[in-house]
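Quick notes on the structure that follows.
The values are calculated or read from the model by the stated rules, or taken from the named source; none is laboratory data. Note that the coordinates shown come from a computational prediction; the quantities given were computed from them, not determined experimentally. Positions of Cβ are backbone-derived with ideal geometry, glycine not excepted, and every protein chain shown enters the neighbour counts. SASA here: full protein model, heavy atoms, side chains in, ligands and nucleic acids out. Shrake-Rupley method; radii C 1.70, N 1.55, O 1.52, S 1.80 Å.
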Amino acid sequence: MKHSDVLVAGGGPVGLATALLCAAQGLVVTVLEAEAEAAVRAGSRAIFLHGATLRTLGKADLELAQRLSNQGLTWSGKHTLWAGRTVYRKNYPQPRSGMTPPFTSLSQRDLEMELRRACLAAGVRLAWETPVETVTVRPGHVEVGSGHRASFLIGADGARSAVRTAIGTRLTGTRSDASFIVVDLADDPTGPPGERVFHYRHPAAGYRHVLTAPFRGGLRVDLQCRPTDDIAGLTADPAAWVAPLVPSATPVDVTWVSHYRFHQSVADTFVDAGRRVLLAGEAAHLFAPFGARGLNSGIADAAAAAEAVADGLTGTVTRAEAVTRYDTVRRAAALRNRDATAQALHQLLATDLSTRARQRAAATAARCSAAAGAWLDRIPYGPRDAGIPDSPY
Ligand SMILES: Cc1cc2nc3c(=O)[nH]c(=O)nc-3n(C[C@H](O)[C@H](O)[C@H](O)COP(=O)(O)OP(=O)(O)OC[C@H]3O[C@@H](n4cnc5c(N)ncnc54)[C@H](O)[C@@H]3O)c2cc1C
């Protein structure tokens, strides 16, 4: 049986970040990933990396944070419209070279490739095609069925987490009927960065909300669907309805289309009873994507999990204290993130008369009030600080 200090189930962005942050603490880490090394995950998925996330990764590997900053785009600004009329617009200064930008925008695939490289350079062992199926917690260690054992197991194996099932906990929450269609368009990778644009009630989209966000090499278009929309029809021919939504001199080139449903769920506990197994990322929580809380909060989990296992192994505090603290802090953060995304969803869906009336009044007031426009610009993402010390996530 192969022994490590820490096993990480799942080689997605959160698992890789966890492994890297553990390795930076001097721990021997093995990542067990179900898929093959060559498997490619399509699409942009999570594109927005917050400055706090870059700083977290930079603590383990400064060059990684710099590469991600350089590879990603910092948008030229943000622009919000109501039924085709500008209600808010702001330009961003381009970040100075060598400084951590306030955020960077790149596809999740590019992030994962960079994290893999950084993990290998840090000595992390990556075991491909090694799904975690069973988890056994013994008095002195934890074993997984694939012949690996360690002092700790961190389950970062995504929304359908086998580790979560093995420790007997589950996600509790809701799934909204509303959803997005996400479309990636190819873009000139060397062109200047564009704006993030949010349209309330886009006239060319049947008055649905539309978000467009550039990332390195592409433009992401999110269409907020109505519960009655024909999702299969819209995803079958996205170019037909996307073209009028984006300024483009050339025909749109669709590289990916996906349908994304809003989940708002948090695991009942993030740790096992024996205090050797911790859950992180989508194994522990699912949020609606506005505000980019899914991936960014997963990397905040990764940092906290690495700290907990390092403290438990070095004896800074007892193992039970370190793991219990992780559960307390990160579950509370997840609940705050869930509440923040619930507030964003409430504004986006605007199913009640008073929310709709407030938004309409703000759109009218934005003709002469910058504050009203700024409010409309802000509300689709939920409160900026979910109240977690040192991190918005
Ligand atoms: C269409 C779409 C759009 C999205 N847009 C956004 C966005 O705009 N902003 C945002 O923040 N987030 C977005 N997300 C969510 C984002 O992709 C997730 O937050 C992120 O992938 C979570 O990372 P993770 O590492 O926790 O889980 P995952 O990325 O799911 O990684 C889990 C890994 O574990 C592996 N695995 C699974 N089971 C096992 C097992 N039993 N043993 C070993 N390995 C296993 C999987 O193969 C995978 O590699 C989007 C997702 C989708 C699908």
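In region 110-141, how many residues are buried (at least 21 other Cβ atoms within 10 Å of the Cβ) and in a strand (DSSP E or B)?
Counting residues in region 110-141 that are buried (at least 21 other Cβ atoms within 10 Å of the Cβ) and in a strand (DSSP E or B) gives 1.
Step by step: first the residues of region 128-170, then only those that are among the charged types (D, E, K, R) and more than 25 Å from residue 315 (Cβ to Cβ), then the one that is nearest to the chain's Cα centre (by Cα). Which residue is that?
157
Scan region 325-332 and give yes if some residue there is modelled with pLDDT of 95 or more and either out of contact with any strand residue (DSSP E or B) (no Cβ under 9 Å at 6 or more places or on another chain) or in a loop (DSSP other than H, G, I, E, B) (or both), otherwise no.
Yes, that holds for at least one residue.
Search region 1-24 for residues being closer than 16 Å to residue 313 by Cα and more than 15 Å from the ligand (Cβ to nearest atom), and hand back the single one that is most open to solvent (accessible area, probe 1.4 Å).
Residue satisfying both the conditions and the ranking: 3.
Pick out the one residue from 197, 163, 183 that is of a type in the set (A, V, I, L, M), within 14 Å of the ligand (Cβ to nearest atom) and either open to solvent by 40 Å² or more (accessible area, probe 1.4 Å) or assigned to a strand (DSSP E or B) (or both).
183
Examine region 195-204 for a residue that is more than 22 Å from residue 345 (Cβ to Cβ) and touching a Ser or Thr at 6+ places or on another chain (Cβ under 6 Å), and state whether such a residue exists.
The answer is yes; a qualifying residue exists.
Note down all Cβ pairs under 8 Å where the first residue falls in region 346-369 and is under 21 Å from residue 174 (Cα atoms) and in a loop (DSSP other than H, G, I, E, B), the second is open to solvent by less than 20 Å² (accessible area, probe 1.4 Å) and at pLDDT 95 or above, and they're at least six residues apart or on different chains.
What qualifies is 350/359.
Would a scan of region 246-264 turn up a residue that is among the small types (Gly, Ala, Ser) and modelled with pLDDT under 95?
Yes, region 246-264 contains a residue that is among the small types (Gly, Ala, Ser) and modelled with pLDDT under 95.
Can you name the number of the only condition in (1) in contact with a strand residue (DSSP E or B) (Cβ under 9 Å, 6 or more places away or on another chain); (2) within 15 Å of the ligand (Cβ to nearest atom) that residue 123 fails?
(2)
For region 280-294, which residues satisfy the criterion of being over 24 Å from residue 212 (Cα atoms) and touching a helix residue (DSSP H, G or I) at 6+ places or on another chain (Cβ under 6 Å)?
280, 281, 283, 285, listed by residue number.
Pick from 190, 172: which is in a strand (DSSP E or B), open to solvent by 50 Å² or more (accessible area, probe 1.4 Å) and away from the ligand (no atom under 14 Å from the Cβ)?
Criteria check complete, one pass: 172.
In region 223-249, which residues are open to solvent by 50 Å² or more (accessible area, probe 1.4 Å), of a type in the set (A, V, I, L, M, F, W, C) and under 29 Å from residue 104 (Cα atoms)?
249
Test of understanding: among 127, 159, which residue is touching a helix residue (DSSP H, G or I) at 6+ places or on another chain (Cβ under 9 Å) and of a type in the set (A, V, I, L, M)?
Being touching a helix residue (DSSP H, G or I) at 6+ places or on another chain (Cβ under 9 Å) and of a type in the set (A, V, I, L, M) holds for just one of 127, 159, which is 159.
May I ask you to verify whether residue 220 is among the charged types (D, E, K, R), surrounded by 22 or more Cβ atoms within 10 Å (Cβ to Cβ) and assigned to a helix (DSSP H, G or I)?
No.
What residue, of 360, 336, is farther than 21 Å from residue 90 by Cβ, at pLDDT 95 or above and surrounded by 14 or more Cβ atoms within 10 Å (Cβ to Cβ)?
Unique residue meeting the criteria: 360.
Every residue, every condition in (1) open to solvent by 30 Å² or more (accessible area, probe 1.4 Å); (2) at positive phi; (3) within 14 Å of the ligand (Cβ to nearest atom), yes or no:
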position	(1), (2), (3)
26	yes, yes, no
41	yes, no, yes
76	yes, no, no
80	no, no, no
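Residues in region 250-293 that are within 14 Å of the ligand (Cβ to nearest atom), surrounded by 23 or more Cβ atoms within 10 Å (Cβ to Cβ) and within 28 Å of residue 144 (Cα to Cα): how many?
12
Failed condition for residue 150, given (1) outside any strand (DSSP E or B); (2) of a type in the set (A, V, I, L, M); (3) closer than 30 Å to residue 320 by Cα, with all others met?
Every listed condition holds for residue 150 apart from (1).
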